[in-house]
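The values are calculated or read from the model by the stated rules, or taken from the named source; none is laboratory data. Remember, predicted model here, so these are calculated numbers, not experimental data. Glycine also receives a Cβ, built like all others from the backbone with ideal geometry; neighbour counts cover every protein chain displayed. When the accessible area is computed, the model is the full protein with side chains, heavy atoms only, and any ligands, DNA or RNA have been set aside. Shrake-Rupley method; radii C 1.70, N 1.55, O 1.52, S 1.80 Å.
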Amino acid sequence: MNLDFAQVVPHIPFILKGIQGTLLVTLISVVLGFFWGSILALIKISNVKILNWLAVAYTSVFRGTPLILQLTFVYYATPQLTGYTISQLEAAVLTFTLNSGAYISETIRGGILAVDKGQWEAAKSLGVPYHRMMLDIILPQAVKNILPALVNETIALLKESALVSTIGLADIMQNANVVKGAIYKYFEPYLIAGTLYYVMVMLLTWVARVVERRMRRSD
C-alpha cells in the first residue's frame, strides 16, 4: 500500500473550506424544499383536479429522473433556453430545492392524511377557516409525525450535495478533487472528504434525536 498522508496534511484546511459550500447548499435547499414540498402536498390533497394532476406529474418527473441529470440540465441548459447565466450556487440550490420538494411533498402528504379525522371535524365544527386549520392544527401535527422522514431526507440531501462538484461548485468533494489533482493521490483526500461527510451526518442525526425527544416530552 502506497499511502502518504504527509502530502495531504498541508491541504486539509483547503478541503475543510468546502464544508461551507456543502452546508450552504444543503441548508438553503432543505428550507426551500420544505416550503415547496408543503405547497405541493396541499395541492395534492385539494379538490382542484388540474392542479392535483400537475403536482403529481411534477413529482413523477423529479422522482423518475437522475438528480445529476437535473443538475446538469439546470446549469448548462438555462443559459441556452433563457439567456441568463446561472451561477453554480443558484443552479445547485434550484435543482436540490425542486428535487427535495418532490420527495418531501409525498412525506408531508402522508403525514397530513395520517392526522386523526377528528381533528379535521372538530376544526370545521368550530368554523376555523381552512388555511388557519392547516397552519395551526393539521400541519404542526403532521410535521411532528414525519420528523424522522424529514431528517432522512436532509441526510440524503447532504450526501447528494457532493454532486455539485460536477459543475465546479467549491464544496468538500470538489476541493478534494482539486487536492487529488495537485498531489496525484486519490485515497488520502477522498478519505478525509468521506470522514467530513460522516461526521456531519452523525451530528445531524444527534440533533434530530434531541429535537425528537423534546417534542415527545411536550406531548
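Structure notes:
- Of the chymotrypsin sites (Phe, Trp or Tyr not before Pro) found in the stretch 69-164, the ones in coil according to DSSP and having at most 13 other Cβ atoms within 10 Å of their Cβ are TYR84.
- Here's the list of lysines a cross-link from LYS44 could span, going by alpha-carbon distance under 18 Å and ignoring same-chain residues fewer than 8 apart: LYS117.
- Heavy atoms of the protein chains alone define the surface here; on that basis the chain has 57 Å² accessible area per residue at 1.4 Å probe size.
- Extension gain, THR166 back to GLN141 (0.36 nm per residue minus Cα-Cα distance, nm): 5.1 nm
- For the stretch 27-37, putting each phi into the Karplus relation 6.51 cos²θ - 1.76 cosθ + 1.60 with θ = phi - 60° gives couplings of 5, 4, 5, 5, 5, 5, x, 5, 5, 5, x Hz, in residue order, rounded to whole numbers and with x for Gly and Pro.
- Full-stretch length increase - ARG217, TYR84 - with 0.36 nm per residue and alpha-carbon distance subtracted: 42.9 nm
- Sequence-distant aspartates and glutamates (8 or more away, or on other chains) whose Cα lies within less than 20 Å of LYS49: GLU106
- Taking the centroid of alpha carbons for each part, the stretch 31-85 and the stretch 116-183 are 15 Å apart.
- Counting only protein heavy atoms and a probe of 1.4 Å, the accessible surface of the chain is 66% carbon and sulfur.
- Equivalent ellipsoid semi-axes - Cα gyration tensor, the chain, angstrom: 39, 23, 12
- Eigenvalues of the alpha-carbon gyration tensor of the stretch 68-123, scaled by 5 and square-rooted, set the equivalent ellipsoid semi-axes at 38, 10, 8 angstrom, largest first.
- Cα gyration tensor shape of the stretch 72-177, rounded if a/c is under 1.5, else prolate or oblate by comparing a/b with b/c: prolate
- Computed over Cα pairs, the Kirkwood radius of the stretch 131-219 leads via Stokes-Einstein (0.692 mPa s, 37 °C) to a diffusion coefficient of 211 µm² per second.
- Between LEU3 and TYR198, the FRET efficiency from the beta-carbon distance, with R0 = 25 Å, is close to 0.85.
- Shape of the stretch 1-86, Cα gyration tensor, a/c cut at 1.5: prolate
- All other residues whose Cβ lies under 14 angstrom from that of MET133 are scored, Lys and Arg at +1 and Asp and Glu at -1, for a net of 0.
- Taking Lys and Arg as +1 and Asp and Glu as -1, the other residues whose beta-carbon sits under 13 Å from that of LEU24 total -1.
- 3J(HN,Hα) along the stretch 189-199: x, 6, 5, 5, 4, x, 5, 5, 4, 4, 4 Hz, from the Karplus curve 6.51 cos²θ - 1.76 cosθ + 1.60 with θ = phi - 60°, whole Hz, x for Gly and Pro.
- Calculated from backbone phi, Karplus (6.51, -1.76, 1.60) coupling profile of the stretch 16-23 in Hz, x at Gly/Pro: 5, 4, x, 4, 4, x, 4, 5
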